[in-house]
Amino acid sequence: MSHHPVEDSNRSDNPQFSSIVESLISRRGLLRGSASAVALGAASGLLLSGCSDDGGEPRRLGFAPVAKSLEDRVALPAGYSARVLYALGDPLAAGLAEYANDGSDDGNWDRRAGDHHDGMAYFPFPKGSGSATEGLLAVNHEALTDIYLHANGPTSIQGRRPLAEVVKEQHAHGVSVIKIAKSANGWAVDRGAAQNKRWHVNSPMQISGPVAGSPLLVTKLSPDATTTHGTLNNCGHGVTPWGSFLTGEENWFAYFTVDAASDTPELARYGIKSSAPGFNYRGWDTPLMAGDLQKRFNLAQTGASAATDFRNAAHHFGYVVEIDPYDPTATPKKRTALGRFSHEGAWFAPAVAGKPLAVYMGDDARNEYIYKFVSAANWDPADANGGLAAGDKYLDAGTLYVARFDEDGSGTWIPLTTSNPALAAFSADEILIHTRKAADAAGGTKMDRPEWGTVHPLTGEVYVTLTNSSSSSSGRGQGGGSSQPLDAANPRCYDADTGSLTDSVNGNVNGHIIRWREANGSVAATRFRWDIYLFGSRASYPANVNVSRLTDDNDFSSPDGLWCDARGVLWIQTDDGAYTRPTANDPKATNCMMLAALPGSVGDGATVTIGTQKTYVGALPRSETLARFLVGVPGCEITGVDLTPDYRTMFVNIQHPGENGSLTDFESNWPNASRNALDLGTPGVRPRSATIVITRDDGGEIGL
Ligand code: FEO
Ligand code: CA
Ligand code: CA
Ligand code: CA
């Protein structure tokens, strides 16, 4: 195409120094309460020194961008190393055999690493120590690559799964808490530690918050609707200001089945229909010897009442679940005040004494919503080590909001409460259990699949990845069979081969990252200003799709994991199926990746028009402010990232390597038995999801 219909009136990426200083002063003055002179000094230092070492905001990344890769090994910048710390099947109890990795292990999956490592957080140990050499790592195990878990893949006889396979699959989901420490030999899991714990699909848990005891949660296993079993499809995460771990139940709905007589509009709104089993349905309800922990995955109304069957069993999933990593005996709690949907994760704004707490959340499905929960209680720093009792105080009472993004760059948080006239038809229980229906009625903005969020600790601005809208027939835009129109917050629809807006279109193929600033810097605000920080794209696409002008150094697709560390470095992880193969027009392709970024702030870019859709894009990145840091292995997603408090050790998850493989062609053989993550996989070896630990050979801070 010779024309570029992107209105592009103010796209300077070289702001005047004076405006940078002003911006830094206003941010620091607002958020840190620091004196202007101190802020000015820090800002001047930044401007003179580039990469700040005085505690100010860094201005450039400290590594050379990593090239795109299709190799069966992890790629990192020169001078970095990575080892496998915790791989699928690794034993978590003294005396348990090493993982055979041939499907022969059985009967001990509540004491081994689960599959599909996802959201993750490092908790210094002992509690409150701030240790950078000893900690507890909480790791989500979202789902399974079944073919590698069993000797010959999953089996069934006349439609019935063997119970042993089902229990193994249930135990390989959930969350790990593992004790880890650094010695002269590097980081290792303390396999015999008393703190090690596997929470899985059958672990006892509590229903907490407003809907505990609701008739809508009564089941045969939970007649008083206050207890439940298990957490499922644990995707993203959160870390509370009181040092506990939150885990998001994402694609839980897809494990259930229902019969035609028991179909309901409420189940259908969550993707559960008798017409087709969910994409994660594994027949857990079918074994001949199945107990109620298996039978509950069939929602058929077979009994005389809800207390005698599992018609309400799906109402026990779809929550944010709180786990105290420091207390393996504390029963996890489902925090129902945060709503029920496909929870990606739950990310806090920094806690401020005397102010309410805010938690940002995404519902990861096409055309679903972004939410905020604001606590009723104001933050008391005395609760900083408060465990699940602090969770009771801050997460069981508050207000849930859904986000509306308006065409003029403003936004509104709409309360999902019985006092909202739009929700007159809902009871308080129904709002929190059928949250999607409440958000529909309240008028939230349908988004291109909200994934992770993070709050920039220096600006207070909130970032959320919108991964894409293109992987089915229900993509956004005029193509793909969807009636959902474009809007300013979800403005792209284009062809995956050419990047053309006018050819046959596939939707928002590569995703984007939206961000906003709450009015008056208050987490309880009901108004905000937003823009789109960054658009994913192939570097080869035309400028009206490659709106952020990505280059070979930093082009990416389908942002998912997202985390801004305390220094202001934003880590972006991808879960992509679009850039993993060449197109007819672009021979380039790459495995999924992680980038590091130094984002600016809302409003630092320009108003642009993509086709006919007006929107707002952030200042253009440069390779010094957005660069590829890591590339994974074939079939994997990169998800989950944390740093030790000294920024010198990074943990990252390589999820489902070889996911597109088969028992005759594994696609990936990573990791190698050497457990050096940078080594090529060994042919013939089944791939394993794993946590890797990244360090710099000179012992320096990661990324800067
Ligand atoms: Fe499990 Fe939305 O990623
Ligand atoms: Ca994700
Ligand atoms: Ca994803
Ligand atoms: Ca995945």
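Throughout, read-outs are computed from the coordinates displayed, never taken from laboratory work. Here the structure is a predicted model, which means the values were calculated and not measured. In this analysis, Cβ positions are derived from the backbone assuming ideal geometry, glycine residues included, and neighbour counts consider all displayed protein chains.
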Rounded to one decimal in Å, the inverse mean reciprocal Cα-Cα distance for the range 177-226, i.e. its Kirkwood radius, is 14.1 Å
Using the count of nearby Cβ atoms within 10 Å as a rough guide to exposure, how do C592, C564 rank from fewest to most?
-> C564, C592
List, in order, the whole-Hz ³J(HN,Hα) value for each residue of the range 350-357 obtained from phi through the Karplus relation with A = 6.51, B = -1.76, C = 1.60 and θ = phi - 60°; use x for Gly and Pro.
-> x, 6, 10, 3, x, 10, x, 9
For the chain, what does -39500 (n - 2.57) per DSSP helix run (n ≥ 4), summed and divided by total residues, give at 222 nm, in deg cm²/dmol to the nearest 500?
-> -3000 deg cm²/dmol
Amide H to amide H under 5 Å from D105: which residues, 5+ apart in sequence or cross-chain, H placed 1.01 Å off N in plane?
-> A100
Rounded if a/c is under 1.5, else prolate if a/b beats b/c, else oblate: with a ≥ b ≥ c from the C-alpha gyration tensor eigenvalues square-rooted, which is the chain?
-> rounded
Order of S104, S410 from fewest to most other C-beta atoms within 10 Å?
-> S104, S410
First obtain the Kirkwood hydrodynamic radius of the range 231-318 from its Cα pairs, then insert it into the Stokes-Einstein equation at 4 °C and 1.567 mPa s, and state the resulting D in µm² per second as a whole number.
-> 93 µm²/s
Convert each backbone phi in the range 368-376 into a coupling constant with the Karplus relation 6.51 cos²θ - 1.76 cosθ + 1.60 (shift: θ = phi - 60°), then list the ³J(HN,Hα) values in order as whole Hz, x for Gly and Pro.
-> 9, 10, 9, 10, 9, 10, 10, 5, 6
Residue-ordered couplings for the range 620-635, obtained by feeding phi - 60° into the Karplus form 6.51 cos²θ - 1.76 cosθ + 1.60 and rounding to whole Hz (Gly and Pro as x), are 4, x, 10, 5, 7, 10, 7, 8, 6, 10, 8, 10, x, 10, x, x
Once amide H atoms are placed 1.01 Å from N in the peptide plane, what residues at a sequence separation of 5 or more from Y86, or on another chain, have their amide H within under 5 Å of its amide H?
-> T691
Quick one: grab the alpha carbon gyration tensor of the range 483-573, order the square roots of its eigenvalues as a ≥ b ≥ c, and give me rounded if a/c is under 1.5, else prolate or oblate depending on whether a/b is larger than b/c.
-> oblate
For the range 231-304, the dipole about the Cα centre with charges only on Cβ (Lys and Arg +1, Asp and Glu -1), to the nearest 20 debye, works out at 80 debye
Separation of alpha-carbon centers, the range 485-548 and the range 320-334, rounded to whole Å = 37 Å
Cα centroid separation, the range 242-268 to the range 579-638 (Å) | 32 Å
Please list, or write none, the lysines whose alpha carbon is within less than 28 Å of the alpha carbon of K334, excluding same-chain residues fewer than 8 places away.
-> K127, K168, K179, K197, K220, K273, K295, K355, K372, K393, K437, K446
For the range 601-653, averaging the sequence separation of alpha carbon pairs under 8 Å that lie six or more residues apart and dividing by its residue count, the contact order in percent is 21 percent
Cα gyration tensor category, rounded, prolate or oblate, for the range 361-471 with a/c compared to 1.5 | oblate
Listed peptides 231-237, 119-125 by packing density, highest first (mean Cβ within 10 Å) | 231-237, 119-125
For the chain, give the magnitude of the charge dipole about the Cα centre (Cβ charges: +1 Lys/Arg, -1 Asp/Glu; no others), in debye to the nearest 20.
-> 680 debye
Counting alpha carbon pairs within less than 8 Å and at least 6 residues apart, what relative contact order, in whole percent, applies to the range 78-163?
-> 25 percent
Compute the relative contact order of the chain as a whole-number percentage, counting only Cα pairs closer than 8 Å that sit 6 or more residues apart in sequence.
-> 16 percent
